[in-house]
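The values are calculated or read from the model by the stated rules, or taken from the named source; none is laboratory data. Computed from a prediction, not measured in an experiment: that's the story for all the values here. Cβ atoms come from the backbone with ideal geometry, glycine included; neighbour counts cover every protein chain shown. Heavy atoms of the whole protein, side chains included, go into the accessibility calculation; ligands, DNA and RNA do not. Shrake-Rupley method; radii C 1.70, N 1.55, O 1.52, S 1.80 Å.
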Amino acid sequence: MAAAIEVRGLGVQFRRNRRGRRSFKDLFASASRRTRPGEFWALRDVSFDVQPGESIGVVGRNGQGKSTLLRLVAGVLLPDEGSVAVNGGVAPLIELTGGFVGDLTVRENVRLTAGLHGMPKSEIASRYDEMIAFAELEEFQETPYKHLSNGMKVRLAFSVVSQLDEPILLVDEVLAVGDKAFRDKCYKRIDELLAEGRTLFFVSHNERDLRRFCTRGLYLNKGALVLDAGINEVLDRYNSDSMPQA
Amino acid sequence: MSRAAVGAPGTPRRYLHSLWLLSARDLKVRYATSFLGYLWSVLDPLVMSAIYWFVFTQVFKRDVGEDPYIVFLISALLPWVWFNSSVSDFTKAFKKDSRLVRSTNIPRSIWVNRIVLSKGMEFLFSLPVLVLFAIFSPGTEFGWGILWFPVAMALQVILLVGLGMLVAPLCALYADLERTTGLILRALFYATPIIYSVSNLPGPFETIGSFNPLAGIFTLYRMAFFPDQWHLDTVLIGAVITLAIFVLGQWVFRTLERPVLKEL
């Protein structure tokens, strides 16, 4: 069976300070392997395969490239070297509330976001009630999105994106928000999706969540893939690395 | 697991689907959030037309030799509003929707093209104004030149898409360009034959002016009412420059897509 995600020699460069001078020469310079001053590799030489149905946890301290990796897999960031091949669509739970428009109502927003991910009108219509029920927003369907509370926004976003039919689910630390009752519901939903055989790509600092959902772990440090092994082994290594030097 | 989707990602069908959803969203936001809604897309050109009509025909008593002047004005002002509002939206094309760009993987050119499309729809909605003035202004001629109208629209779409691919990524990377674009647009309004016609330009400016692709496009828009405005050189040069800008825009967009995504 073909791999769900195939990452080969992946590298991406960022500028160290945003105010750095950007010259029009950049227009003509191709993204080559040389490092210009003031730039650093957020990720480099990362390679791995993910099989369909696997659930992978990405571990690492802040700023070591976890979210960057997720954005590359989601296709909303382009690599400077190497490649990411994704078989099938991706349901991204990153920047959760990003796709919604403040001035439109909840109903219009659901149609827009689901539509942008390729869900046909008839399908949206038949799942609409389920989405609203999951987000517990029955009373607010005609409310402009900007008038929802932060918790409601996240609930709506999670319930729409998790209803997408994409075979790969990307989750970036979004479960930290929302109250406990809703978090439990989200966990149940993710369990269901995993049981259906979807591939999960999970970024979190929460060890319990990682051990609960993932079977395999990727440990990123300073933009390099340090360890690719079972989730328990990866977490143990991560914990021993981040121990304060006594 | 059922796999229902509107075409696979990357197919033209999926592209059009996303493009349409976002353009419809723009229009909905525009028309749903204000009382005046539709009027806004008409009011702006109308007020401008009234001002120029008053200044040139009542104050200076120096018309450009085209009668009725109000029809002459509106037939270029409406497309100008389309051009102007699109280009000023290009400057914030990525920033305004940065969170959506950062989270949803759709072809990036949609962020530009949806502006051209939604502003183009507003242009179409505003056309009844032109029709009304043409009907009720005494002495309006009307002829087969109307067939040039869709040609002009097609050229303007190509020009706008090219410019958008050029302006949108550059503005996302270089913050200064946003204001620069605003200034250029203001100057361009007077440098373009909107309140006057190409042949009004004195001496060498007539040649220089025809290198402005809008000159050729607006000439075509006016063919229905002012067939004597036909200016072959201007139209041909305009078409060539339009295509050149389109090609340049595609290249710039492809080169800058990667840094723009990092910048957001």
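Averaged over the residues of B:101-112, the number of partner chain Cβ atoms lying within 10 Å of the residue Cβ comes to 5. For region A:120-246, with all protein chains in place and a probe radius of 1.4 Å, 50% of the accessible heavy-atom surface sits on carbon or sulfur. In degrees, nearest 10, range 0 to 90: what is the angle between the Cα axis of helix A:106-116 and the longest Cα principal axis of chain A? Approximately 50 degrees, to the nearest ten. Buried accessible surface for the B/A chain pair comes to about 3600 Å², total over both chains, computed with a 1.4 Å probe. Per-residue shielding of A:103-115, expressed as the average number of other chain Cβ atoms within 10 Å of the residue Cβ, stands at 3.
When only C-alpha pairs under 8 Å and at least 6 residues apart count, what is the relative contact order of region B:153-264, in percent?
41
Each peptide in B:186-199, A:155-168, B:115-128 receives the mean, over its residues, of other Cβ atoms within 10 Å, and ordering these scores from highest gives A:155-168, B:115-128, B:186-199. Using a probe radius of 1.4 angstrom, the carbon and sulfur fraction of the accessible surface of region B:148-264 is 72%.
As a test of the formula, what do you get for chain A when each DSSP H run with n ≥ 4 contributes -39,500 (n - 2.57) and the sum is divided by the residue count, at 222 nm and rounded to the nearest 500 deg cm²/dmol?
Values: 7 runs with 82 residues, N = 246.
Calculated at 222 nm, the ellipticity per residue is -10500 deg cm²/dmol.
Between helix B:69-90 and chain B there is an angle of about 20 degrees, using the helix long axis and the longest principal axis of the Cα atoms. Our note on the geometry: Cα centres of region B:46-92 and region B:153-223, 14 Å apart.
Within 10 Å of each Cβ of B:21-29, how many other protein chain Cβ atoms are there on average? If you can, show how the numbers build up before the last one.
Working: counts 6, 3, 0, 4, 9, 1, 0, 6, 5.
That works out to 4 on average.
Here the 3J(HN,Hα) profile of region B:137-146, calculated from phi with Karplus coefficients 6.51, -1.76 and 1.60 at θ = phi - 60°, is 8, x, x, 6, 8, 8, x, 5, x, 4 Hz, Gly and Pro shown as x. For the protein assembly as shown, the Kirkwood hydrodynamic radius comes to 25.7 Å, computed from all pairs of different C-alpha atoms. When only the Cβ of Lys, Arg, Asp and Glu is charged (+1, +1, -1, -1), the dipole of chain A relative to its Cα centre reaches about 1340 debye.
The packing ranking of peptides B:82-89, A:220-227, highest mean first, is B:82-89, A:220-227, where packing means the average number of other beta carbon atoms within 10 angstrom of each residue. For chain B, the solvent-accessible area works out to 47 Å² per residue, with a probe of 1.4 Å and every protein chain left in place. Assuming a ≥ b ≥ c are the square roots of the Cα gyration tensor eigenvalues, decide whether chain B counts as rounded (a/c under 1.5), prolate (otherwise, with a/b larger than b/c) or oblate. Prolate. For chain A, the solvent-accessible area with a 1.4 angstrom probe is 46 square angstrom per residue.
Taken one residue at a time, the phi angles of region B:243-249 give Karplus couplings (6.51, -1.76, 1.60, θ = phi - 60°) of 5, 4, 5, 4, 5, 4, x Hz. Gly and Pro are set to x. Partner lysines whose Cα lies under 23 Å from the Cα of B:Lys28, excluding those fewer than 8 positions away in the same chain, are identified as A:Lys121, A:Lys146, A:Lys153, B:Lys92, B:Lys95, B:Lys96, B:Lys119. Remark: region A:136-145, residue by residue, has Karplus-estimated 3J(HN,Hα) of 6, 10, 3, 7, 10, 5, 9, 7, x, 4 Hz, where x stands for each Gly or Pro and the curve is 6.51 cos²θ - 1.76 cosθ + 1.60 at θ = phi - 60°. Scoring A:64-71, B:70-77 by mean Cβ neighbours within 10 Å over their residues and listing the highest first yields B:70-77, A:64-71. Interface residues of region A:128-172, defined as a loss of at least 50 Å² in heavy-atom accessible area between the chain alone and the complex of all protein chains with a 1.4 Å probe, are A:Asp165.
Taking a ≥ b ≥ c as the square roots of the eigenvalues of the Cα gyration tensor, an a/c ratio of 1.5 or more together with a/b larger than b/c marks chain A as prolate.
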